[in-house]
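The block underneath contains the structure these notes are about, expressed in structure tokens.
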Amino acid sequence: MTSRKEAAKLNRDNRTVETSNHGMKSAYDKYEQLIQQDNFISANALLATSLLDANLAYDSNEAKTFVLNLKKGVENKLDIVFKYFIITWTRNLRYSLKRLIPSLSQKESVNSDALNFVSAKNSASLDSLLNALNNAINQYLIKEHRPVEIVDGIILYVSVETKSLKVAFSENIVKPSETE
């Protein structure tokens, strides 16, 4: 028979477990599996293709602005709006009790700010970059069904079974930030 203290400790330990390792491992396994595929498009390759199509340099102000805003969106868990989908952030008990994970939506969340990567009204060259980016995403992901790393650590792919868009992510996306 267990003592009251032991029972209380077991109960407390069970409540503080964030997830089973199995749930997290399988999520990361899918990400690792996708980056090994021959037809995988990395975030750097996607950006390079888009910059080339927009006739912009990798060290241009537009490229720097784009990369900075993308990092800001991921760090602050903002909705990231692209032409064909929106990366949103949600709590999913399969992965974590506390952390937000990336998800896909067709609508922006009414509860958080969003970053617009569809167009840029104040800069013709940034608008050209965003247009090229969305065209590249459409070509690689939607038409060719290739796994595309949209943001460092976040891959979108088309499910073989359901033909719908899915998201896979690396451990770095779910890890707590240094300020938490």
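Read the figures in this text as sums done on the coordinates, not as results from a lab. Quantities reported herein were computed from a predicted structural model and do not represent experimental measurements. As a convention, Cβ positions derive from the backbone with ideal geometry for all residues, glycine included, and neighbour counts pool all protein chains shown.
Miscellaneous remarks
- Qualifying residue in segment 135-151 (condition: free of Cβ contacts under 8 Å to residues at least 12 places away in the same chain and either under 13 Å from the mean Cα position of the chain (by Cα) or under 23 Å from S42 (Cβ atoms) (or both)): yes
- Exactly one residue among L68, L51 is assigned to a helix (DSSP H, G or I) and either touching a Lys or Arg at 6+ places or on another chain (Cβ under 9 Å) or crowded, with 17+ Cβ neighbours inside 10 Å (or both), and that residue is L51.
- Within segment 77-126, tally of residues that are touching an Asp or Glu at 6+ places or on another chain (Cβ under 8 Å), part of a loop (DSSP other than H, G, I, E, B), in contact (Cβ under 8 Å) with a residue 40 or more places away in the chain and aliphatic (A, V, I, L, M): 1
- Screening the candidates Y157, Y140 for the property of being assigned to a helix (DSSP H, G or I) and of a type in the set (F, W, Y) yields one hit, Y140.
- Tally of residues being surrounded by fewer than 19 Cβ atoms within 10 Å (Cβ to Cβ), among the charged types (D, E, K, R) and either part of a helix (DSSP H, G or I) or under 12 Å from the mean Cα position of the chain (by Cα) (or both) across segment 54-65: 1
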